[in-house]
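Heads up: the structure comes next, in structure tokens.
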Amino acid sequence: MIDLQRLGVRYADDGPATLADVDLHIEEGELALLVGGTGVGKSTLLGTINGLVPHFTGGRLSGRVTVGGYDTRTHPPREMADVVGRVGQDPLAGFVTDTVEDEIAYGMEQLAVPPATMRKRVEEVLDLLGIAELRARPLAALSGGQQQRVAIAAALASAPSVLVLDEPTSALDPGAAEDVLAAITRLVHDLGTTVVMAEHRLERAVQYADSVIVLPGGGAVRAGDPATMMIDSPVAPPVIQLGRLAGWAPLPLSVRDARRAARPLRDSLTAPTTTRRAPGDVVLQARGVTVRYGDRVAVRQVDVDLHAGSVTALMGRNGSGKSSLQWALQGSGPRAAGSVRVDGIETASQRGLVGLVPQTASDLLYLESVDAECAAAGPQARDILDALAPGIDGAQHPRDLSEGQRLALVLAVQLSAGPRVVLLDEPTRGLDYRAKAALVEQLDSLAAQGHAVLVATHDVEFVAQAADRVVVLAEGEVIADGPTAEVIASSPIFAPQVAKILAPQPFLTVDQVARAMPDSVAR
Amino acid sequence: MRRLPRSVHPVAWWIWALGLAVAAACTTNPILLLLLIGVSCFVVLLRRGDAPWSRSLRVYLALGAAIVAIRMLFRVLLGGPGGGTVLIDLPSIPLPSFAAGIHLLGPIYSSSLLDGLYDGLHLAAMVVCLGAANSLANPKRLLKSVPMGLYDIGTVVVVAVSVFPQLAESLGRVRRAQRLRHDAATSRRHLVRMTIVPVLADALDRSLALAAAMDSRGYGRHGSASSRRRLLTGAMTIVGLIGVCVGAYGLFDERAPETRRWPVFIAGLVLGVAGVVVSSIGRRVTRYRPDPFDLSAIGVAAGGALSAALMVWATDVAPADLHPDTLPATWPVFGVLPLVAACAGLLAVVASPAPVLSRTREATA
């Protein structure tokens, strides 16, 4: 179906090749998963499939790409629209019209599909993705998961034989991501659509893949069967890491398979030693915090204590009040009632007591270089940045940094005021495993310096590694507050993969298992 | 059998509203104007859907009220010529010689105040009539019914219109985030730059993403049309539009030479229409669920057109009814013809079926 022959892509003539000498063949009806860290060329590879690279992005392409018999050299993306459907990372940015039905019909209108067929196909894809009840709704009023399903429906409506998805779930909470991935697998099963997908959440996606395409960096590409390719893939979800650690063969890809393989390991392990930091005294004390927008109560009389030298995770679904609570704690967001005190001082009355890294961290940055941002923030900012993420070139433009480096820069800017409390709103969004591990280390060092850290996140694996304590919000109320192991291990939704595989043993992360493992099982 | 709920062609609603606005433009009789406002509100309340834009009538009513208030306030502030009863005798404030001809305050005459009221109502009625069209038909849907040759321009307008709420959203987000920075002393210098750089970067990112999405979905497939033909039709359309503009200007400018009036206007129109027609021959784009321009749409449009036509006729037959005297102030009276003209807009309610509400849509789904 898709044929890449000796494909090479470079964006600047004197720069390094983003892709070099790629030979790849993807069969009809296959679900192919692209695996690799950020910046190794996943988006470029996806872009070559419908001709966006190089027709839209510029750059120099060598070799040959044919999809369903069309050569992208002679066919720009708009002429490929009936063969390749594309879904991007941010669905809202790609919407042309303003209601669900019109959006789904838009692609077909461009392809001059007869009105009667169009009517029928709109109804079919509405049912296929389970969004029939949303048909007349304005697109902007939908939740992220619903928007992404509409975007997939809109791409599918033109009946393309290939669907290209560029990190379709990176902006979604776990429930919504699950919905979208379930919809995608159903397409592969029911329609025989060829799907090529780049995805950060490998833990969910890898078990459904027919083939895995690994991009180790440097422009090379390897492809093959998922169980063999994941053995040495540069990024791997916890289930794979555990499998590698225990030396299971064939490598189990799903929690279900891993549970069956884990029986001997489970019996040989002794309970993990707790290496938890001992929480210090209370730094931030919030009592009866209430946030309301008109009639809607976003946060309802929440009491929270944050301790020095500990990392607390704030979890809950989208719209459960996580962001509103953080902004209220920081002091610059609206607060209808309650008090937030840091060492006895009300946060609303004094800036700099609490540092907050907002969801779109880049909103804080406005200067042309990293050095200029650090200089504007304060004398210690550059040192803090070097401690958090060593080796960032000071002359670089902040927008050219990777997602994780930019986050470190914003964190450094916020820390340079010397706040004792640091809040982070969804910092794991768009980070790959390596960047997440770096963030875990950064938070560890903050806690070691005596900061109180509160991280709002959806990412359970991240919470298992980083947090000492978990607070769960639902409908603006605190429904759980306790040590990480107690709160997340007992929950069917929040349990990390390692906990699911090794239950009833109370392990949360692969590191804990590695430490507790008797040497005889390890090799 | 009762007619099923259905939406009426948006162009019909706009013709109806423009008809009412033309009728309102013909008269300064406050009772007729209030009647026209009442008719448009009545029709909107009965025939609007439950989409976000349907709630906008309130805004236009408030705008109308503001116009009336401002008009009257200016009459008080700047005085102005008038006669009849002096309502309040305010002292006049003398202004220096460079502002000769303008005087602040002074005696307020009843006729001057009435003139302000009528004038304000005149403008407010037109605004409310057009606002009614906005609440009855999505302006974006109106763009969907443009001829095929203008399809690309229509899409561009739709995209441009949707940029503004997005810009407002990202501006709010960036301002909120910037307040988090503690280095306020240095940042005051950079205030404009601090907000503009992230907002523009955001807008640029979004527009690139949108362009990539539209390209991938087949926007701008020209099929068999050659690039030379595209250039030719584009040039024809643009030259035609310029001709129409020059001609229209000439039509209203009495000193313009004869040759710059009708000939230029008609030539421009012909060229423009030809360009649109030729470029739409090669286009293959279909439309999803277009609203048909059927009997009810004709009925709706006819209601507005009738209102306008009767009122224009009334300017010949009974000009006194349309412009009541304010000096001396008389109670505005009018005959049957203007009354019928003002109420003709109600035909739209009879002609159109009930609107589709998403609640009823969900109930049937």
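The values are calculated or read from the model by the stated rules, or taken from the named source; none is laboratory data. A quick note: this is a predicted structure, and the numbers were derived from the prediction, not measured. Cβ placement follows ideal geometry from the backbone for every residue including glycine, while neighbour counts extend to all protein chains displayed. When the accessible area is computed, the model is the full protein with side chains, heavy atoms only, and any ligands, DNA or RNA have been set aside. Shrake-Rupley method; radii C 1.70, N 1.55, O 1.52, S 1.80 Å.
Placing one equal scatterer on every Cα of segment B:223-288 and applying the Debye formula, the log10 ratio I(q)/I(0) at q = 0.22 Å⁻¹ is -0.81.
If R0 is 51 Å, the Cβ-Cβ spacing of B:V146 and A:A448 corresponds to a FRET efficiency of close to 0.20. With protein chains left intact and a 1.4 Å probe, residues in segment B:146-220 average 51 Å² of accessible area per residue.
Interface residues of segment A:71-93, defined as a loss of at least 40 Å² in heavy-atom accessible area between the chain alone and the complex of all protein chains with a 1.4 Å probe, are A:R78, A:E79, A:R86, A:A93. When +1 charges are put on Lys and Arg Cβ atoms and -1 charges on Asp and Glu Cβ atoms, the dipole computed for the protein assembly as shown relative to its Cα centre reaches about 1180 debye. Percent of accessible area on segment A:262-315 owned by carbon and sulfur, 1.4 Å probe? Percent of accessible area from carbon and sulfur atoms in segment A:262-315: 47.
Legend: calculated FRET efficiency, A:S62 to A:D232, from the Cβ-Cβ distance at R0 = 45 Å, rounded to 0.05, equals 0.95. Using the structure shown, select from A:K120/B:K140; A:K42/B:K140; A:K42/A:K120; A:K42/A:K322 the pairs with a Cα to Cα distance greater than 30 angstrom. Exceeds cut-off: A:K42/B:K140; A:K42/A:K120; A:K42/A:K322. Just to check, using Stokes-Einstein with a Kirkwood Rh over alpha carbon pairs, what's the diffusion coefficient of segment A:20-118 at 10 °C and 1.306 mPa s in µm²/s? It diffuses with D of about 103 µm²/s by this estimate.
In plain terms, the chain from B:F74 to B:V192 could stretch by 38.9 nm, reckoned as 0.36 nm per residue minus the Cα-Cα distance. For the protein assembly as shown, the alpha carbon convex hull comes to 233 Å³ per residue, rounded to a whole number. Tell me the net charge near B:G84. Cut-off is 12 Å between Cβ atoms, B:G84 excluded, with +1 for each Lys or Arg and -1 for each Asp or Glu. Overall, the nearby charge balance is -2. Across segment B:200-213, coupling constants 3J(HN,Hα) worked out from phi with the 6.51/-1.76/1.60 Karplus curve, θ = phi - 60°, read 5, 4, 4, 5, 5, 4, 5, 5, 5, 4, 5, 4, 5, 5 Hz, and Gly and Pro carry x. Under a 5 Å amide H cut-off, with hydrogens placed 1.01 Å from N, A:G63 pairs with A:G8 among residues at least 5 apart or on other chains. If R0 is 56 Å, the Cβ-Cβ spacing of B:A274 and A:K500 corresponds to a FRET efficiency of close to 0.20. Assuming charge only on the beta carbon of Lys and Arg (+1) and of Asp and Glu (-1), the dipole of segment A:203-276 about its Cα centre is about 320 debye to the nearest 20.
Using Cα positions and a limit of under 23 Å, work out the lysines in reach of A:K500, with same-chain residues fewer than 8 apart set aside. Straight-distance partners of A:K500: A:K436.
Interface burial in segment B:165-179, defined as at least 30 Å² less accessible area with all protein chains than with the chain alone at a 1.4 Å probe, covers B:R173, B:R176, B:A177, B:R179. Multiplying the residue separation of A:Q359 and A:V282 by 0.36 nm and removing their Cα-Cα distance gives an extension gain of 25.2 nm.
Using C-alpha pairs below 8 Å separated by at least 6 residues, the relative contact order for chain A is 14 percent.
If you take all C-alpha pairs in segment A:2-234, what percent of them are over 29 Å apart?
On the way: 6807 of 27028 pairs.
Result: 25 percent of Cα pairs exceed 29 Å.
Segment B:146-220 has equivalent-ellipsoid semi-axes of 35, 12, 9 Å, by the square roots of 5 times the alpha carbon gyration tensor eigenvalues, sorted largest first. Per residue, the accessible area of chain A comes to 39 Å², computed with a 1.4 Å probe over protein heavy atoms only. Think of segment A:403-467 as having a plus end and a minus end, set by charges on the Cβ of Lys, Arg, Asp and Glu; of A:A435, A:V421, A:Q465, A:V421 sits farthest toward the positive end of this dipole. Relative contact order of chain B, taken over Cα pairs closer than 8 Å and 6 or more residues apart, is 31 percent.
Hey, what's the Kirkwood Rh for chain B if you take every pair of different alpha carbons, in angstrom? Working shown, then result.
Working: mean 1/r = 0.0398 Å⁻¹.
This gives a value of 25.1 Å.
The modelled label-to-label distance for the pair B:V340/B:L46, using points 7 Å beyond Cα in the direction of Cβ, is 2.0 nm.
Taking Cα pairs under 8 Å and at least six residues apart, what relative contact order does segment A:2-234 come out at, in percent? Mind showing how you got there, number by number?
On the way: 459 pairs, mean separation 66.9, N = 233.
RCO, segment A:2-234: 29 percent.
Within segment A:343-357, the residues that become at least 30 Å² less accessible when every protein chain is included than when their own chain is isolated (1.4 Å probe; DNA, RNA and ligands ignored) are A:R351.
In whole percent, how big is the carbon plus sulfur part of the accessible area of segment B:146-220, probe 1.4 Å, protein atoms only? Walk me through the numbers on the way to the answer.
Values: 2780 of 3810 Å².
Roughly 73 percent of what the probe reaches on segment B:146-220 is carbon or sulfur.
Ignoring ligands, DNA and RNA and using a 1.4 Å probe, state the total buried accessible area between B and A in Å², rounded to the nearest 100.
Details: alone 22170 and 22650 Å², together 39860 Å².
Between B and A, the summed buried area is about 5000 Å².
Based on the Kirkwood radius over alpha-carbon pairs, what value in µm²/s does the Stokes-Einstein equation return for the translational diffusion coefficient of segment A:218-356 at 25 °C and 0.890 mPa s?
Working: Rh = 19.4 Å.
Using the Kirkwood radius from Cα pairs, D works out to 127 µm²/s.
Our note on the geometry: Cα centres of segment A:172-239 and segment A:1-65, 17 Å apart.
Taking only the alpha-carbon positions of segment A:282-494 and ignoring solvent, what does the Debye formula give for the base-10 log of I(q)/I(0) at q = 0.18 Å⁻¹? Each listed q corresponds, in turn, to -1.31. The modelled label-to-label distance between A:D393 and A:D71, using points 7 Å beyond Cα along the C-beta direction, is 3.7 nm. Annotation: amide H-H contacts under 5 Å for A:V283 (H modelled 1.01 Å from N, sequence separation of 5 or more, or interchain): A:L306, A:H307, A:A308.
Is there a quick way to get the dipole size of chain B? I mean about its Cα centre, with the Cβ of Lys and Arg at +1 and of Asp and Glu at -1; what is the value in debye to the nearest 20? Intermediate values should be presented prior to the final figure.
On the way: 35 positive and 19 negative charges, 434 e Å.
With Lys and Arg at +1 and Asp and Glu at -1, about 2080 debye.
Placing pseudo-labels 7 Å out from each Cα toward the beta carbon at B:E258 and B:R289 gives an inter-label distance of 5.5 nm.
Need the full-extension length gain, B:L251 to B:I153, defined as separation in residues times 0.36 nm minus the C-alpha distance. One decimal, nm. Don't jump to the answer; show the numbers that get you there.
Details: separation 98, 0.36 × 98 = 35.28 nm, distance 2.67 nm.
My answer for the length gained is 32.6 nm.
Stokes-Einstein diffusion for chain A, with the hydrodynamic radius set to the Kirkwood value over Cα pairs and evaluated at 37 °C in a medium of 0.692 mPa s, equals 133 µm²/s.
For segment B:223-288, the carbon plus sulfur part of the accessible surface works out to 70%, probe radius 1.4 Å.
Distances between placed amide hydrogens fall under 5 Å for A:A262 paired with no residue 5 or more residues away or on another chain. Solvent-accessible surface of segment B:247-298, taken per residue with a 1.4 Å probe and all protein chains present: 65 Å².
Here the protein assembly as shown carries DSSP beta bridges of which approximately 55% are antiparallel, counting only pairs with both residues inside.
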